[in-house]
């Protein structure tokens, strides 16, 4: 890098966005003046908007090129791509009254915490009927994405909806 072509100079020349990048720099062993704006080396950044995960400010890796180029990337928490303390399935449930409490009770993923999942995730996860539907004496479980449970047209237990035979409702 030269005095005229380095990441610090780029940031100083690019107004509010450049100042934001200076504030998000999280490389203690490397100065911004020693990095080219077009570098593709992944470096550490820290959210300047207050996103936290487990009480710690979110950090992520991205190349300076991805931060300064035309398709600029930023904090995955701010972009809704990664769960944060401020935006996760558990928080959504806690903020959505009785229905949210029902979802907490129906969560059936022993290896995954609700706080580690986005409310709009399309990954199919396991749920357990909270109304008591059983099949062959076992509580009904089914798979649905959090997005299908939290979005418009929410889905629920297929037994309760009459879409699957249960011990309580079959021919």
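Structural remarks
- Condition met for residue 82 (assigned to a loop (DSSP other than H, G, I, E, B), under 30 Å from residue 121 (Cβ atoms) and not assigned by TED's automatic domain parsing to the domain that holds residue 118): yes
- Residues within region 48-99 that are touching a strand residue (DSSP E or B) at 6+ places or on another chain (Cβ under 9 Å) and touching a residue at least 60 places away in the same chain (Cβ under 8 Å), tallied: 1
- The residue list 151, 80 contains one member that is farther than 30 Å from residue 41 by Cα and either modelled with pLDDT of 95 or more or surrounded by fewer than 19 Cβ atoms within 10 Å (Cβ to Cβ) (or both), which is 151.
- Counted residues, region 19-47 - those being more than 22 Å from the chain's Cα centre (by Cα) and within 13 Å of residue 66 (Cα to Cα): 6
- Residue within region 50-59 that is surrounded by 13 or more Cβ atoms within 10 Å (Cβ to Cβ), assigned to a loop (DSSP other than H, G, I, E, B) and assigned by TED's automatic domain parsing to the domain that holds residue 142 present: no
Yes/no matrix, rows are residues, columns are (1) outside any loop (DSSP other than H, G, I, E, B); (2) exposed (fewer than 12 other Cβ atoms within 10 Å of the Cβ); (3) not assigned by TED's automatic domain parsing to the domain that holds residue 118:
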position	(1), (2), (3)
21	yes, no, yes
28	no, yes, yes
37	no, no, yes
45	yes, no, yes
48	no, no, yes
74	no, no, yes
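- Residue match in region 155-162 (condition: loosely packed, with under 14 Cβ neighbours inside 10 Å and assigned to a loop (DSSP other than H, G, I, E, B)): yes
- So residue 100, is it farther than 27 Å from residue 10 by Cα and part of a helix (DSSP H, G or I): yes
The values are calculated or read from the model by the stated rules, or taken from the named source; none is laboratory data. Just so we're clear, the structure is a prediction, and the values are computed from it rather than from any experiment. Here the Cβ is made from the backbone with ideal geometry for all residues, glycine too, and neighbour counts use every protein chain on show.
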